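Okay, so here's the structure we're looking at.
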Amino acid sequence: MKLLNVRLGPEDARIAAELRREGVRLSRIVREALRAAHAGRRAGRSRRLRASDVMAEIYACLPDPPGLARRRVDLRDRQSVRRAIAAYVKRRRR
């Protein structure tokens, strides 16, 4: 069995000492926490987010500042962006 050393801050050390005095086995708590964290990460991987949902969240969290000039291309419209990039590349080739 592998031994794991963990550094605790003063508050965590106080909590650990209190739990020990009460007879709680810290190893069981650590094992349960590790298993729960692992299960949560595995569950998160199976639930893939759609790119459009991620972008909608980003736009909601980081809106354009007021007074910003309107863009010629709607960055939320994939086809609009594609046309703008194609036109830019075509201009650069000339």
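The values are calculated or read from the model by the stated rules, or taken from the named source; none is laboratory data. Remember, it's a predicted structure, so these values are computed and weren't measured experimentally. Cβ atoms come from the backbone with ideal geometry, glycine included; neighbour counts cover every protein chain shown.
So, Glu57, is that one assigned to a helix (DSSP H, G or I), closer than 30 Å to Gln79 by Cβ and either at pLDDT 95 or above or acidic (Asp, Glu) (or both) or not? Yes, satisfied. Out of the residues in the stretch 1-41 that are of a type in the set (Lys, Arg) and part of a loop (DSSP other than H, G, I, E, B), state the one that is surrounded by the most Cβ atoms within 10 Å (Cβ to Cβ). The residue in question is Arg25. Can you tell me which residue in the stretch 60-94 is modelled with the lowest pLDDT, limited to those that are assigned to a loop (DSSP other than H, G, I, E, B), loosely packed, with under 10 Cβ neighbours inside 10 Å and more than 27 Å from the chain's Cα centre (by Cα)? Of everything passing the filter in the stretch 60-94, Arg94 is modelled with the lowest pLDDT.
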